[in-house]
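Trainee: A single structure is presented below for examination.
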Amino acid sequence: MAEQTFFTLMGSPLGKILLAGNEQGLTQVSFREGKNPLIPKPDWQRDEDVWATAVAQLTAYFAGELQTFDFPLAPKGTPFQQKVWAYLQTIPYGRTTTYGTIAQELGNPKSTRAVGAANGRNPIAVIIPCHRVIGSDGKLTGYAGGLQIKAALLGLERNGRLGTNQKLSLFQLDADSRR
């Protein structure tokens, strides 16, 4: 018997977000306006209570009142993807890093493209903070929710408020972000 998937939709300053998961934890967070928004499958069960803590914490994050999340995550992916996603969760709030730095930190400097691909397949937006990964030139690179959402999330973390008008220089690496 397949495990039951529970989902809910929440409003955010950046649009609707779908949260889905199972008894092990949250498996997916998807902006509804993104490139490939997650669509609930017919056998998924809508349940506002299951993800109430996640919704409350995301709401606090968007209000600039929360920097870390503490509820179970259960993303599905390859061992390499899991390794990259675990690393993403170590990037401090308000900091950025690059795909190349992550590849080096994971012990394979030549795996920059593979790190980028794993980052792009991150199923849990915001909470597994793939938005904190930028190009080696300091510019914003792809984000499933779109570059405007990525810029807004980085603006929130840098300035305490959502915004998409920050100059890219705000996102350049500093010594602290090179873990």
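The values are calculated or read from the model by the stated rules, or taken from the named source; none is laboratory data. Fair warning: this is a prediction, and the values are worked out from it, not measured in the lab. Heads up, the Cβs are rebuilt from the backbone with ideal geometry, glycines too, and the neighbour counts pull from every protein chain shown.
Trainee: Scan (1) over 21 Å from Met10 (Cβ atoms); (2) within 17 Å of the chain's Cα centre (by Cα); (3) modelled with pLDDT of 95 or more for the single condition Gly120 breaks and write down its number.
Mentor: Result: Gly120 passes all but (3).
Trainee: Let me ask another. If a residue must be under 14 Å from the mean Cα position of the chain (by Cα) and either outside any loop (DSSP other than H, G, I, E, B) or surrounded by fewer than 14 Cβ atoms within 10 Å (Cβ to Cβ) (or both), how many such residues does the stretch 27-55 contain?
Mentor: The total comes to 6.
Trainee: Sort out which residues of the stretch 99-128 are more than 24 Å from Gly146 (Cβ to Cβ) and assigned to a helix (DSSP H, G or I), and write them in order of number.
Mentor: Result: Ala103, Gln104, Glu105, Pro109, Lys110, Ser111.
Trainee: Another question, then. I'm trying to understand the selection: among the residues of the stretch 136-169, which are surrounded by fewer than 14 Cβ atoms within 10 Å (Cβ to Cβ), closer than 22 Å to Gly116 by Cα and at pLDDT below 70?
Mentor: Ser169
Trainee: A further question follows. Looking at the stretch 10-26, which of its residues are more than 21 Å from Cys130 (Cα to Cα) and not in a loop (DSSP other than H, G, I, E, B)?
Mentor: Matches in the stretch 10-26: Asn22 only.
Trainee: Filter the stretch 78-98 for residues that are assigned to a loop (DSSP other than H, G, I, E, B), on the phi < 0 side of the Ramachandran plot, surrounded by 14 or more Cβ atoms within 10 Å (Cβ to Cβ) and not polar (S, T, N, Q) and give the result.
Mentor: Ile91, Pro92, Arg95
Trainee: Further question: Among the listed residues Glu105, Glu65, identify the single one that is at pLDDT 90 or above and either more than 30 Å from Thr5 (Cα to Cα) or in contact with a Gly (Cβ under 6 Å, 6 or more places away or on another chain) (or both).
Mentor: Result of the check over Glu105, Glu65: Glu105.
Trainee: Being among the hydrophobic types (A, V, I, L, M, F, W, C), surrounded by 15 or more Cβ atoms within 10 Å (Cβ to Cβ) and in contact with a Ser or Thr (Cβ under 7 Å, 6 or more places away or on another chain), is that true of even one residue in the stretch 108-126?
Mentor: Within the stretch 108-126, one or more residues are among the hydrophobic types (A, V, I, L, M, F, W, C), surrounded by 15 or more Cβ atoms within 10 Å (Cβ to Cβ) and in contact with a Ser or Thr (Cβ under 7 Å, 6 or more places away or on another chain).
Trainee: Consider Val126 carefully, then state whether it is touching a helix residue (DSSP H, G or I) at 6+ places or on another chain (Cβ under 9 Å), modelled with pLDDT of 95 or more and at positive phi.
Mentor: Taking the combined requirement at face value, the residue satisfies it.
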